[in-house]
């Protein structure tokens, strides 16, 4: 069963001075603004989003879901899985590139050992579809368990 999701971007102007909007078919992003400023200068995100922030959101969501499936397969249920993803965009040879992703995980799974949780957390890092798509980028996991 293949699942397809769609998004679109509109841009007008130069890279530094122009701006654009992002849209998704479900209208979650409904003319959400993005620009050079929202990408490189506006870290609070109040003026719009940027591609790296969207990758971070996708990765944290995918990872949390993949880990919850692994925990369920091990016979447990997560009380909470809180994941923050940080995507680093930096200058590289030939322009800019994503040079690293850090997943910060706080998990609470009653009845599961910390050792098993860490094993599953590492497996989900390697196995979630977004991690697989981003496999050319170093992905680091910082996990804590209670």
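Bear in mind that the values in this text are calculations on the coordinates, not laboratory data. The shown structure was predicted, so the numbers you read here are calculated from the model rather than taken from an experiment. Ideal geometry is used to build each Cβ from the backbone, glycine not excepted, and the neighbour counts take in all protein chains shown.
At 222 nm, what helix-only mean residue ellipticity would the chain give, in deg cm²/dmol to the nearest 500, using -39500 (n - 2.57) for each DSSP H run of four or more? Don't skip to the answer; put the middle values down first.
On the way: 4 runs with 47 residues, N = 146.
Per the formula, -10000 deg cm²/dmol.
Relative contact order for the chain using alpha-carbon pairs under 8 Å, separation at least 6, rounded to a whole percent? Please list the in-between numbers first.
On the way: 232 pairs, mean separation 24.7, N = 146.
Averaging sequence separation for qualifying contacts and normalising by length gives 17 percent for the chain.
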task: Quick one: order 28, 117, 69, 36 by neighbouring beta-carbon count within 10 Å, fewest to most.
output: 28, 69, 36, 117
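Would you mind estimating how fast the stretch 1-49 diffuses translationally, via Stokes-Einstein at 10 °C and 1.306 mPa s with the Kirkwood radius over Cα pairs, in µm²/s? Walk me through the numbers on the way to the answer.
Details: Rh = 11.7 Å.
The Stokes-Einstein estimate is 136 µm²/s.
What is the antiparallel percent of DSSP beta bridges lying wholly in the chain, to the nearest 5?
On the way: 24 of 32 bridges.
The antiparallel proportion sits near 75 percent.
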task: Treat the count of other C-beta atoms within 10 Å as a stand-in for reagent exposure and order 76, 10 from fewest to most.
output: 10, 76
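In Å³ and rounded to a whole number, note down the convex hull volume per residue for the Cα atoms of the chain.
On the way: hull volume 20.4 nm³, N = 146.
Per residue, the Cα convex hull of the chain comes to 140 Å³.
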task: May I ask you to derive the relative contact order of the stretch 23-66, considering only C-alpha pairs under 8 Å and at least 6 residues apart, and to give it as an integer percent?
output: 27
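Determine, for 31, 104, the number of other Cβ atoms within 10 Å of each Cβ, and report the residues in order from fewest to most.
Working: 31 10, 104 15.
Ascending number of Cβ neighbours within 10 Å: 31, 104.
Please tell me the relative contact order of the stretch 1-49 in percent, rounded to the nearest whole number, where contacts are Cα pairs under 8 Å and at least six residues apart.
27
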